[in-house]
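Q: Before we start, here is the structure in question, set down as structure tokens.
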Amino acid sequence: MNKIHIVSNRLPLSINKEGSDYKLTPSVGGLATGMRSIYREYGGKWIGWPGIAENDLTPADEKAIEEKLVGEACLAVHLDKEEINLYYEGFSNNVIWPLFHYFAQFIEYNPAYWDAYKEVNRKFADKALETLEDGDTIWIHDYQLMLVPEMIKTAKPKVTIGFFLHIPFPSFEVFRTLPWRTELIRGMLGSDLIGFHTYDYERHFFSSVRRLLGYEISFNQIHLEDRIVMADAFPMGIDYDKFAIKASEIVQKPVQERSDLHRELEKYFHLSPDRKLILSIDRLDYTKGIPNRIRAFESFLEKYPQFQNEVTLIMLVVPSRDSVEQYRLLKSEVDELVGRINGRFGSVNYTPVWYFYRSLPFENLIELYSTCDVALITPVRDGMNLVAKEYIASRVNQSGVIIISEMAGVAQEMGEAIVINPNNEEQIADSIYQALTMPMEEQKSRMNFLQKRIKRYDVFKWSSEFLKSLRKIEAIQQTFFAKRITPSIQDELVDRFQKAKKRAIFLDYDGTLVSFKNDPQAAKPDEELHNLISNLTSDERNIVTIISGRDRDTLQNWLGKHHVNLIVEHGVWLKNIGGDWQMIDNINSNWKPEIRPLMENFVDRTPGTFIEEKNYSLVWHYRKAEPDQGEQRANQLKDELRNLIANHNLEIMEGNKVIEVKAGGINKGIAAMRFIKDENFDCLVAMGDDWTDEYMFRELPEDSITIKVGMKKTAAAYKVESVAAIRKLLKVLGEKETAKSV
Ligand code: GDG
């Protein structure tokens, strides 16, 4: 069975030296829990940093750790202090973290960080490559390792790669400020599947892909030159049962067996029947909105004085990244705010804010979750926020209210919570009041919905859904590759071609023989193309026809010197070798004055677009427009054109970044069929890239050699991935012929 491996910055365990030996303690975090079952079940490895700087280890220590890790199926990527400083603290936490959470003011654009990030990502990729085999799957986690997917894909294309980003993906306007934005996007696109917590992050990612690299995206699939990458939203869940079971154990425990913390909490409630507790838990981070939460609580006590002496906010703040300046400043700000509010409203019997700056054992965490009446979670940005889900899972009797920031990914799954804007302190103060006075029946009914949802989509479901989608994308890739010309198929085709006595070869021009350029007039044939066509036409058994949507003059100028037929404007005009232009059908263009003003209006309103006028068609080009706006306007134009053409025999054609209006009943398929009608060809070849060529692929007899350029769905019998690949094939056809005919 093919294996599934995991890569993350940290291994899912901590390592401590005990005497001369090392002790491994498995992590209890959500990711470790969710992934452990998977990589173990599928015989894979977990690749990551063990958490101790290499400088602090002797070679013998390193060996001892590695031996210990074998039993856990883990592979260590050792990092020294400088690497940790530059790659982890530096690029990951001082560049990507602030940028992706919209804290641009905290970013340190230090090129040395970037260099280290690349090098360490390479280390992770190399370690993974030591164990990866073709057909394996690898799931890479988070913002510290965004370049790893491409590094692995390049070295081992037959490995299926998933990537999950645990933090938000910012809007393009923010992302574009990063000097290394394109490299990061390319790194991620090495994956087959990219997961985000929410659709908004996915949408932002798509917009960056489109704007920076110009790839076409249909539904949630990104069409690269040679494969498809899928992106989707998978809101991460928690190990629901672990929280629910522990919480019900704790509430059933006799008082004398309870922890000190739990007994303190109980005592507090006995002070007065109206006492209530509000809970907040987070790592100390500027994204978590801790100062605004304290200020909002202060406003609440001011605005609703009846709750002074009755309501306490328990704030568990877990120390984090305390070597970083911003975090130290934040810590002082929080200390000061807590001091101020406690000084102002506190008394001998009452402390408005209980502030714990430390981490608590799991059991205490559950005691807090199950005891507090309200959870107040107010991040200014948060990828998901698992604390909110954990609070819900721990509410055994379904009482409790959750106040959640709309800036946390989790808010999208919590319609029944009280959703607030973290910058609106007055709204938060009012929400606290609403939560504290909410009737029990309403609390239970809301909690019931929330629990059902969070239980159903737990961390196991999350990881299995992600893997299911990976299998789906594998299948999609396979159908895409199904028609790809492999070396053996190519030999077969060349053989058929060589045996034929008279061949008709139809070649589309743009996107097939030459790549697209922003300015259509810049897509001139180069020397290599001229040589290819000359080689092909030097064999008199080859009748080559260039079949294009272009106008007569352009193609005549560019290719007129060759021994080829020209069919232009999608089949309106035909020029046989050595002959004159003839119109294939009797058509008119008296409709143009009616259509042109509409297109002009779209040109005026959409920067970067222009109209091309051909004899019997009008074309609106939007390749140079801002991609999202271009697509949007193209859809609007199509809609408006549909109404206008109703009384004319006209057709709207959608090509590659163009909308073309032309006389109906004319297309490349009809033109090609008419061309071969009276001739006795024994081999038909057609090559094209866009959907106007699909007419040709469909109309030509079934045994024709029809070849699509690009990996999209097609009626053609075969596919190649690029202009370069079709040129290579044409070269083989031309060369073999020359060789044979000598
Ligand atoms: C990142 C994203 C995304 C907290 N204090 C204690 C403790 N915790 C545990 C909680 C929870 C976890 O830490 C915190 O998870 P969050 O999701 O709230 O936040 P981040 O650490 O910022 O995580 C975030 C997440 O990745 C997953 O994708 O949701 O948006 O920023 O599980 O229980 N655990 C213990 N003692 C504590 O004192 N034992």
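Q: Please list, by residue number, every one of the trypsin sites (Lys or Arg not before Pro) in the stretch 313-405 that is coil in DSSP and has at most 10 other beta-carbon atoms within 10 Å.
A: Sites meeting the loop and neighbour criteria: 358.
Q: Continuing with this model, one more query. Express the relative contact order of the stretch 1-68 as a whole percentage, based on alpha carbon pairs under 8 Å and six or more residues apart in sequence.
A: This gives 44 percent for the stretch 1-68.
Q: Once Lys and Arg get +1 and Asp and Glu get -1 on their Cβ, which of 529, 504, 544 lies farthest toward the positive end of the dipole of the stretch 483-553?
A: Sorting the options by dipole projection puts first 504.
Q: In terms of Cα to Cα distance under 28 Å, which lysines are near enough to residue 452, apart from those fewer than 8 places away along the same chain?
A: 242, 246, 253, 276, 288, 389, 444, 461, 468, 472
Q: Counting residues in the stretch 13-111 as N, plug N into 2.2 N^0.38 Å and put the Cα Rg over that result.
A: Taking N as the residue count of the stretch 13-111, the ratio is 1.29.
Q: With axes computed from alpha carbons, what is the tilt in degrees of helix 527-537 against the longest principal axis of the chain, rounded to the nearest 10 within 0 to 90?
A: With rounding to tens, the tilt is 50 degrees.
Q: As an exercise, take the mean of 1/r over every pair of distinct alpha carbons in the stretch 194-249, invert it, and state the Kirkwood radius in angstroms.
A: After inverting the pairwise mean of 1/r, the radius is 13.3 Å.
Q: Using every alpha carbon pair in the stretch 243-322, what percent of pairs falls into each 5 Å bin from 0 up to the bin containing the largest distance?
A: 3, 12, 17, 18, 18, 16, 12, 5, 0
Q: Using only alpha carbon pairs under 8 Å that are at least six residues apart, calculate the relative contact order of the stretch 403-468 and give it in whole percent.
A: Result for the stretch 403-468 is 25 percent.
Q: Given Cα pairs under 8 Å that are at least 6 residues apart, what percent is the relative contact order of the chain?
A: Taking the mean separation of contacting Cα pairs over the length of the chain, I get 9 percent.
Q: So how many Å³ per residue does the convex hull of the Cα atoms of the chain work out to?
A: 203
Q: From the Cα gyration tensor of the stretch 599-742, with a ≥ b ≥ c the square roots of its eigenvalues, which class applies: rounded if a/c is under 1.5, or else prolate if a/b is larger than b/c, or else oblate?
A: Judged from the Cα gyration tensor, the stretch 599-742 comes out prolate (a/c at least 1.5, a/b above b/c).
Q: Going out from 0 in 10 Å bins, what whole percent of all Cα-Cα distances in the stretch 127-276 drops into each bin?
A: Taking all Cα pairs of the stretch 127-276, the binned fractions are 10, 31, 21, 11, 13, 12, 2 percent.
Q: Here's something else I'd like to know. On a full-extension model of 0.36 nm per residue, what is the gain between residue 679 and residue 24, subtracting their alpha-carbon distance, rounded to one decimal in nm?
A: Length gained, residue 679 through residue 24: 227.9 nm.
Q: Could you state how much accessible area residue 58 has, in square angstrom rounded to the nearest 10, with a 1.4 Å probe and all protein chains kept in place?
A: Surface accessible to solvent at residue 58 totals approximately 70 Å².
Q: Write down, largest first, the equivalent ellipsoid semi-axes of the stretch 378-456 in whole Å, where each equals the square root of 5 times an eigenvalue of the alpha-carbon gyration tensor.
A: Three semi-axes, in Å: 19, 17, 8.
Q: Treating each Cα of the stretch 515-563 as an identical point scatterer and ignoring solvent, apply the Debye formula and state log10 I(q)/I(0) at q = 0.14 Å⁻¹.
A: Ignoring solvent entirely, the Cα scatterers give -0.38.
Q: Multiplying the sequence separation of residue 362 and residue 519 by 0.36 nm and subtracting their Cα-Cα distance, what value in nm do you get?
A: Full extension of this stretch gives 50.3 nm more.
Q: Follow-up. Quick one: net charge of residue 663's neighbours, Cβ under 10 Å, K/R +1, D/E -1?
A: -2
Q: Also, quick follow-up: What does the accessible area of residue 519 come to, in Å² to the nearest 10, when a probe of 1.4 Å is used?
A: Result for residue 519: roughly 70 Å² accessible.
Q: Which of the trypsin sites (Lys or Arg not before Pro) found in the stretch 516-606 are loop residues per DSSP with 16 or fewer other Cβ atoms within 10 Å of their Cβ?
A: Sites meeting the loop and neighbour criteria: 517, 541, 561.
Q: State the Kirkwood hydrodynamic radius of the stretch 538-650 in Å, one decimal place, computed from all pairs of distinct Cα atoms.
A: For the stretch 538-650, the Kirkwood estimate is 16.0 Å.
Q: Per-residue accessible area for residue 204 at 1.4 Å probe radius, Å² rounded to 10?
A: Around 40 Å² of this residue is reachable by solvent.
Q: As I understand it, the value is the acute angle between the Cα axis of helix 362-371 and the longest principal axis of the Cα atoms of the chain; what does it come to in degrees, rounded to 10?
A: Long axis of 362-371 versus the principal axis of the chain: about 80 degrees.
Q: How much length would be gained if the chain were fully extended between residue 272 and residue 724, taking 0.36 nm per residue of separation minus their Cα-Cα distance, in nm to one decimal?
A: 154.8 nm
Q: Provide, for q = 0.11, 0.13, 0.14, 0.19 Å⁻¹, the log10 of I(q)/I(0) from a solvent-free Debye sum over equal Cα point scatterers in the stretch 60-203.
A: With no solvent term, the Cα-only Debye profile gives -0.44, -0.61, -0.70, -1.19.
Q: What's the magnitude of the charge dipole for the chain around its Cα centre, counting Lys and Arg as +1 and Asp and Glu as -1 at the beta-carbon? Answer in Debye, nearest 20.
A: Dipole magnitude for the chain comes out near 1000 debye.
Q: Another question, then. Treating the beta-carbon of each Lys and Arg as +1 and of each Asp and Glu as -1, no other charges, what is the dipole magnitude of the stretch 425-535 about its Cα centre, to the nearest 20 debye?
A: I would put it at about 920 debye.
Q: Could you tell me the ratio Rg/Rh of the stretch 418-540? Both radii from Cα atoms, Rh via Kirkwood.
A: Ratio of gyration radius to Kirkwood radius: 1.41.
Q: I'd like the carbon and sulfur percentage of the solvent accessible area for the chain, probe radius 1.4 Å, heavy atoms only, ligands and nucleic acids excluded.
A: Summing carbon and sulfur atoms, their accessible area is 48 percent of the total for the chain.
Q: Would any residue of the stretch 350-366 have its amide N under 13 Å from a label point 7 Å out along Cα→Cβ of residue 335? List them or say none.
A: Within reach of a label on residue 335, which here means backbone N under 13 Å from a point 7 Å along Cα→Cβ, the stretch 350-366 contributes 357.
Q: Further, regarding this structure: Helix-only estimate, please: 222 nm mean residue ellipticity of the chain, summing -39500 (n - 2.57) across DSSP H runs of length 4 or more and dividing by its residues, to the nearest 500.
A: The per-residue figure over the chain is -13500 deg cm²/dmol.
Q: Taking N as the number of residues in the stretch 514-602, what is its alpha-carbon radius of gyration divided by 2.2 N^0.38 Å?
A: Expressed relative to 2.2 N^0.38 Å, the Cα Rg reads 1.29.
The values are calculated or read from the model by the stated rules, or taken from the named source; none is laboratory data. Note that this is a predicted model, so its numbers are computed, not measured. Neighbour counts run over all protein chains shown; Cβ positions are idealised from the backbone, glycine included. Each accessible area value is taken on the protein alone, full model and side chains, heavy atoms only, with ligands, DNA and RNA left out. Shrake-Rupley method; radii C 1.70, N 1.55, O 1.52, S 1.80 Å.
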